[in-house]
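The values are calculated or read from the model by the stated rules, or taken from the named source; none is laboratory data. Quick caveat, the model's predicted, so the values are computed rather than measured. Note that we place each Cβ from the backbone using ideal geometry, even for glycine, and neighbour counts take in every protein chain shown.
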Amino acid sequence: MHPAKSVILFTTVSGAGYGLAILFALFDLAGMVPPHPAVSLAGLGLALLLVVIGLVASTFHLGHPERAWRALTQWRSSWLSREGCMALITFMPTGLYLAARLMGKTDVIPVLAGATVVCSVLTVQCTAMIYASLKPVPAWATPLTPLTYHVLALASGGLVLNALAHTLGFWRSDFVDILSLLLLSGMVVKIVYWRKIGRASATATAESATGLGEIGKVTLFEGPHDADNYLMKEMGFQIARKHAMRLRRLSLLWGFLFPLLAVSFASFTQGVGASILVGVSLLTAAVGLFAERWLFFAEAKHAVTLYYGNDKV
């Protein structure tokens, strides 16, 4: 599948925003976040900003972005529509949660924090199901796809929250323990996912797609046109295995291992040194997670490519 930059930006940035909102609310319920207005604005305000950036980026891939609102009417059958609806719904409890913290309404904060967590989790789930529900793309049609989206959202959001905690002075060692668990979990999930799609048997072949399997092996004799069409550009993206393996290593190192080392070392340092290490954790994670999401699209093969030369998917 074609790895569109706008969709990569949408899934990674909005995922980090929802992950930040989830962890901020959970840590707040656990008494790990101070009720200071600056902390509230930085944590929840940044979470909402990241979500908005991601949602705006998602419209860039549309032929007519001005018609994006119409997708909201198809929520009964479309995961894309459900994701859009949940994204809008999530703004309500999160915005009220932020307002309650700013005004010191401690009696309603637990309810709004819980609603923020539930709505954010459901939105990430809907986003993941946009891809996991596509049976013609076997690499996506697996329970590992939603699991990956949830874990990476929490890991990236946790890195942002850790940076805010260092900056605003409410950092505690518990953050590193939880963040380390999330980063290691993300690394394991991605390794398992790549092993699964690498070892999975073909769900469809050129023979099954054409119905000519009883005659013998089916191969493409000549293409139906002399230039790439829309289907070949969007669903027939090709990446060499050598380059894919290189990007997988880059994703694991930069997206998980380097941030893990940076936040661990930052916990033993103070001042400028800690700030630099926290910044490194964010920068390396951004590079690694963008590479991971680019591969998520680039390595996926759509069944329609069986009619354009692929022998199996």
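Looking at ALA227, ALA209, ALA163, ALA204 in this structure, which one is hydrophobic (A, V, I, L, M, F, W, C), modelled with pLDDT under 90 and either more than 25 Å from ALA141 (Cβ to Cβ) or in contact with a Ser or Thr (Cβ under 9 Å, 6 or more places away or on another chain) (or both)?
That would be ALA227, the only listed residue that is hydrophobic (A, V, I, L, M, F, W, C), modelled with pLDDT under 90 and either more than 25 Å from ALA141 (Cβ to Cβ) or in contact with a Ser or Thr (Cβ under 9 Å, 6 or more places away or on another chain) (or both).
Which pairs do you get when a residue that is part of a helix (DSSP H, G or I), found in segment 235-257, comes within reach of a residue that is among the acidic types (Asp, Glu) and surrounded by 15 or more Cβ atoms within 10 Å (Cβ to Cβ), reach meaning Cβ atoms under 7 angstrom, with the pair 6+ apart or on two chains?
Taking only residues 6 or more apart or on different chains, the pairs are ALA244/GLU299; SER251/GLU292; GLY255/GLU292.
For residues that are part of a helix (DSSP H, G or I) and loosely packed, with under 13 Cβ neighbours inside 10 Å, scanning just segment 165-186, find the one that is farthest from the chain's Cα centre (by Cα).
The qualifying residue farthest from the chain's Cα centre (by Cα) is SER173.
Within segment 57-73, does at least one residue satisfy the condition of being among the polar types (S, T, N, Q), surrounded by 19 or more Cβ atoms within 10 Å (Cβ to Cβ) and touching a residue at least 60 places away in the same chain (Cβ under 8 Å)?
No, that holds for no residue.
Might you check whether a residue that is assigned to a helix (DSSP H, G or I) and modelled with pLDDT under 80 occurs anywhere in segment 187-197?
no
Please tell me if ALA141 is touching a Leu at 6+ places or on another chain (Cβ under 8 Å), of a type outside the set (Val, Ile, Thr) and free of Cβ contacts under 8 Å to residues at least 12 places away in the same chain.
Yes.
For every residue, the table says whether it meets (1) under 20 Å from GLY288 (Cβ atoms); (2) without any contact (Cβ under 8 Å) to a residue 60 or more places away in the chain.
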| position | (1), (2) |
| --- | --- |
| PRO3 | yes, no |
| THR11 | yes, no |
| LEU26 | no, no |
| VAL39 | no, no |
| GLY45 | no, yes |
| ARG82 | no, yes |
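Using the structure shown, decide if ALA128 is outside any loop (DSSP other than H, G, I, E, B) and in contact with a His (Cβ under 9 Å, 6 or more places away or on another chain).
yes
I'm trying to understand the selection: among the residues of segment 203-242, which are within 30 Å of the chain's Cα centre (by Cα) and exposed (fewer than 12 other Cβ atoms within 10 Å of the Cβ)?
Selection gives TYR230, LYS233, GLN238, ALA240, ARG241, LYS242.
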